[in-house]
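All remarks here apply to the structure that follows.
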Amino acid sequence: MTTAYVLQAEDVAIHYGGVKALDGVELTLKKGQIRGLIGPNGAGKSTVIDAITGRRRLTRGRVLLDGEDVSALGAVERRQRGLSRSFQRTSIFSGMTVRRQVELASHQMGMADSGADADAVLEELDLARLSCMVAEDLGYGEQRRLDLALALVGRPKLLMLDEPMAGLSVKESHDLARHLQALTSRWEVSVLLVEHDMDVVFGISDAITVFELGRVIASGDPASVRSDARVREAYLGSAA
Ligand SMILES: Nc1ncnc2c1ncn2[C@@H]1O[C@H](COP(=O)(O)OP(=O)(O)OP(=O)(O)O)[C@@H](O)[C@H]1O
């Protein structure tokens, strides 16, 4: 089926007993688009990522990738189909060289030429010059870029990032944001970005979805979301 959307989440609900972590969530993402997901703590942003990756079973609704319903597939099958997430350092084997890690991840993804795939990813993220270093000797910002590199092997269609800027300096955040924007245009990767740094979210997102108590309360381009009265009241406050 041909569709304009890389991702469609339709009426997605995840309930934990009486807790409605998500309820009736609708979300779309076009090719090469960055969509920021924002909302107060506990609003359901991480649960949305878990629902899309297949880490959590849906109570209701469905998730479509390029028009295909992937709701019944497990996380590994979804990754093979191009749905990738970054895991924030947990994926890093500290004693292995940067290139070896990325090549291994690419091999696990079944890439025919995992060396070439690894080199392309490292080049794109400005990590090629650090290829021979072991991960534990990298600076924090570089480790986060390596984490992103591992999520990019196999050329995913959709990349989901949960607070990628956490713990980074302003300069490191700026660099990472620049890399994300470059990726979306050069590699045509679509990005779902959960991030508390509002300057980053409003600076690089094409669209923003705002959550509150497991529901979408606003969705649109950054300017319209920023001026939405309900969003300002619920989340952004006078700082917006
Ligand atoms: N395994 C679970 N069992 C029960 N409730 C859960 C579980 N996981 C999440 N929740 C609840 O679901 C709701 C949404 O949580 P979630 O972590 O998705 O929010 P969030 O927007 O990502 O928050 P934060 O910005 O603090 O990371 C919260 O009320 C949370 O307590």
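The values are calculated or read from the model by the stated rules, or taken from the named source; none is laboratory data. Fair warning: this is a prediction, and the values are worked out from it, not measured in the lab. Because the Cβ atoms are built from the backbone with ideal geometry, glycine has one as well, and the counts that use them run over all protein chains shown.
Residues of region 185-198 being within 16 Å of the ligand (Cβ to nearest atom), crowded, with 19+ Cβ neighbours inside 10 Å and not in a loop (DSSP other than H, G, I, E, B), which ones?
Residues satisfying the conditions are L192, L193, V194.
Checking G39 against (1) at negative phi; (2) within 12 Å of the ligand (Cβ to nearest atom), which test does it fail?
Condition not satisfied by G39: (1).
Take the conditions assigned to a strand (DSSP E or B), within 25 Å of D66 (Cα to Cα) and in contact (Cβ under 8 Å) with a residue 60 or more places away in the chain and apply them to V201. Does it pass? Walk me through it before giving the result.
Working: assigned to a strand (DSSP E or B): no; within 25 Å of D66 (Cα to Cα): yes; in contact (Cβ under 8 Å) with a residue 60 or more places away in the chain: yes.
When the stated conditions are applied, V201 does not pass them.
Is it true that S205 is over 18 Å from I52 (Cβ atoms), of a type in the set (S, T, N, Q), more than 16 Å from the ligand (Cβ to nearest atom) and not assigned by TED's automatic domain parsing to the domain that holds L146?
Values: over 18 Å from I52 (Cβ atoms): no; of a type in the set (S, T, N, Q): yes; more than 16 Å from the ligand (Cβ to nearest atom): yes; not assigned by TED's automatic domain parsing to the domain that holds L146: yes.
The answer is no for S205.
Determine whether region 10-24 contains at least one residue that is modelled with pLDDT of 95 or more, in a strand (DSSP E or B) and away from the ligand (no atom under 15 Å from the Cβ).
Checked region 10-24: at least one residue is modelled with pLDDT of 95 or more, in a strand (DSSP E or B) and away from the ligand (no atom under 15 Å from the Cβ).
Out of region 42-60, which residues are within 7 Å of the ligand (Cβ to nearest atom) and more than 14 Å from the chain's Cα centre (by Cα)?
G42, A43, G44
Would it be correct to say that A229 is away from the ligand (no atom under 16 Å from the Cβ) and within 17 Å of the chain's Cα centre (by Cα)?
Here the answer is no, as A229 does not meet what is asked.
If you scan region 33-62, which residues turn out to be under 14 Å from L7 (Cβ atoms) and in a helix (DSSP H, G or I)?
Answer for region 33-62, where residues must be under 14 Å from L7 (Cβ atoms) and in a helix (DSSP H, G or I): V48, I49, A51, I52, T53.
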